[in-house]
Amino acid sequence: MSIEGLLKLTRRRVGTIVTGILLGVALAAGLLWMTPTSFTASAVAYVRVVVPAGDSPQNQSYSYYTASQLATQKVKAFVSVFTSEAVARGVIDSLGLTMTPVQLSHSLTATNQDDSLTITVSATASTADDAQRIADEVVRQSQTQVKRLEGEDSPVDVVLMSPSSLSATTRQPSTPRYLAVGALGGVLLGYAGATLVSMLDKRIRSSSDLSEVVDIPVIGVIPSSEALSARSRDGSVDPRVEESLRKLRTNLRYAGAGIDEGLRSLVVSSCVQDEGKSTVAVNLARVMALAGQEVILIEGDLRRPRLRRLFNAGKNRPGLAQLLVGATPLESALVATPVPGLRVILAGDSPPNPSELLGSSRLSELVKYLAADHVVIIDAPPVLPVTDAVALAEHVDGMLMIVRAGRTTSDQLRQAMTTLTRGGGKVIGLVLNQVSVSALGKFRYGGSDYYFEHEYREDPEPQDRPARAPGGAGRAARTPEPPEEAHRPARGERRGPQVSTAADFVAMLEQQRAEGPRSPDASARTPRGKRRR
């Protein structure tokens, strides 16, 4: 795994990693609590050989050399004496310990470094004082035992060179060492668990995840915000959402650059329900209208219509279903909105055969008729549960797929793309919806830092011009009006209050709802340039 992948795993699974660390530290603390505390003290003994006095200097030098050689040979043999049961028995008798010689000898260690005449004795006991006393007494008892083994006349002797001290006593188990090892083990456990969870969790969370699943450009990333929902009625404005919608609008123009007449009709769908496709479709239509384009939003979800209540239309208001079967004229199905340039065709009554209606030639002719002077956005049902979206995709220039971060899985997206490809649908881009603010990061422009988590004001510049003329090739592109300026309504159009943000839009719809439903004639308007039928 690369460093970038490791950092990505850490950010995404920080909870799992922290849980692993805490678990490792908790296990280490449990072992500390269960392990009896012990102390170890060490004393150093020196093996010497006594050289007889009175010899000549030459003989005395030879005697010192011989004594050194003898001590070197004896020191290795004496190591086992320090841990013998005979020495342990003497220590027990001298100190009055309540243990057997075997138990005491098992708590003793004796070592000798190469080319040295010293023996280091270590004793382990339940208290530091007992460990010191035992270590020193082992050296004394070993001295007695060596005298007994070598004989009283032997020049070889063992003496206490360095008695044990309280500062040199070590405590076992070592709390810092146990906790450090536990934390290190917890890190390894946390990353192993994070890797396993990432392999099993196939939910899409970022744009890079989308790029790994399908080879379709991500043209929009919309942060999570209540400003897009009708539940937000406090008038709050979320600049992050507004900017992300404007970016999506701009990217759509480039995505439709390969279409002869420009991107005039678009289906907005998702893999499964509750991914925010309707919310994105409504607000995308709004920002396009605010940029100066004439937009018609069609509710193509005939099975679960949801826009009637949002746009305050009466229960008997005719919609797309009645329009396709010839039961109502177009002007009666069009619903005006508070946004200048944006009108809506609702779903109408739910028909028994939605797929057949949406796949009919009538819908194709309707889309062509409206797209001549408008941008047509169709809010379609999700792809996987029903085939309605596939049927709609045949009649438009392109399709926009909404993917909800942290909910849509890679398997669902692959299956949806396969279904659309087989049905002839052309997906021009993906939109990652409901992305957490922390995942969006920070960008720098013009010497200033723009944070997604902080609000900022834009310079009062005009909105971007459309890439192509509204009417296709040969028509002059209309200069869009900034959201702050008043929009001049067309003849016969009802002048409404100006709105620029999602919160304003929702607030205006709430005001419309309070005023009561409108009659069909009051809100209908024939598309610009077309005669009433």
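Residues that are on the phi > 0 side of the Ramachandran plot and of a type outside the set (Phe, Trp, Tyr) are absent from segment 118-129 altogether.
Flag set for Pro163, criterion: closer than 22 Å to Ser105 by Cβ and out of contact with any Gly (no Cβ under 6 Å at 6 or more places or on another chain). Is it true that Glu152 is surrounded by 15 or more Cβ atoms within 10 Å (Cβ to Cβ) and of a type in the set (D, E, K, R)? For Glu152, the condition - surrounded by 15 or more Cβ atoms within 10 Å (Cβ to Cβ) and of a type in the set (D, E, K, R) - is not met. Filtering segment 172-184 for residues that are under 30 Å from Arg286 (Cβ atoms), among the aliphatic types (A, V, I, L, M), under 28 Å from the mean Cα position of the chain (by Cα) and at pLDDT 90 or above leaves an empty set. Scanning segment 1-25 for residues that are aliphatic (A, V, I, L, M) and within 20 Å of Tyr178 (Cβ to Cβ) gives Val18, Ile21, Leu22, Leu23, Val25. The combined condition, being surrounded by 19 or more Cβ atoms within 10 Å (Cβ to Cβ) and closer than 30 Å to Gln415 by Cβ, is fulfilled by Ala194. Remark: pairs (first residue in segment 138-166, more than 25 Å from Thr66 (Cα to Cα) and assigned by TED's automatic domain parsing to the domain that holds Ala86; second residue of a type in the set (D, E, K, R) and crowded, with 16+ Cβ neighbours inside 10 Å; Cβ separation under 7 Å; 6+ apart in sequence or on different chains) = Pro163/Asp136; Ser164/Asp136. Residue count for segment 403-439, restricted to those that are crowded, with 18+ Cβ neighbours inside 10 Å, modelled with pLDDT under 90 and either touching a helix residue (DSSP H, G or I) at 6+ places or on another chain (Cβ under 8 Å) or assigned to a helix (DSSP H, G or I) (or both): 2. Just the residues that are of a type in the set (A, V, I, L, M, F, W, C) and assigned to a loop (DSSP other than H, G, I, E, B), please, taken from segment 192-215. The answer is Ile204, Val214. Just one of the listed residues (Leu400, Leu392) is assigned to a helix (DSSP H, G or I), in contact (Cβ under 8 Å) with a residue 60 or more places away in the chain and within 39 Å of the chain's Cα centre (by Cα), namely Leu392.
Scanning segment 87-102 for residues that are of a type outside the set (A, V, I, L, M), assigned to a helix (DSSP H, G or I) and exposed (fewer than 13 other Cβ atoms within 10 Å of the Cβ) returns a single hit, Asp93.
Among the candidates Leu184, Leu179, the residue that is within 30 Å of Thr120 (Cα to Cα) and not assigned by TED's automatic domain parsing to the domain that holds Gly90 is uniquely Leu179. Of all residues in segment 36-52, those being assigned to a strand (DSSP E or B) and either touching a Lys or Arg at 6+ places or on another chain (Cβ under 7 Å) or at pLDDT below 80 (or both) number 2. Residue check: Arg343 meets all listed conditions (1) buried (at least 23 other Cβ atoms within 10 Å of the Cβ); (2) closer than 19 Å to Glu275 by Cα; (3) charged (D, E, K, R) but one, namely (2). Got a sec? Which of Ser105, Ser116 is in a helix (DSSP H, G or I) and of a type in the set (Ser, Thr, Tyr)? Only one candidate passes the filter, namely Ser105.
Listed here are the residues, each with its yes/no results for (1) modelled with pLDDT under 85; (2) closer than 30 Å to Gly20 by Cα.
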residue	(1), (2)
Tyr191	no, yes
Asp215	no, no
Leu228	yes, no
Ser236	yes, no
Gly262	yes, no
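Flag: Pro381 does not match the condition of being surrounded by fewer than 24 Cβ atoms within 10 Å (Cβ to Cβ) and either out of contact with any strand residue (DSSP E or B) (no Cβ under 9 Å at 6 or more places or on another chain) or not in a strand (DSSP E or B) (or both).
The values are calculated or read from the model by the stated rules, or taken from the named source; none is laboratory data. Predicted model only: the values in this text are computed from it and were never measured. Don't worry about glycine lacking a Cβ; one is built from the backbone with ideal geometry, like all the others, and counts go over all protein chains shown.
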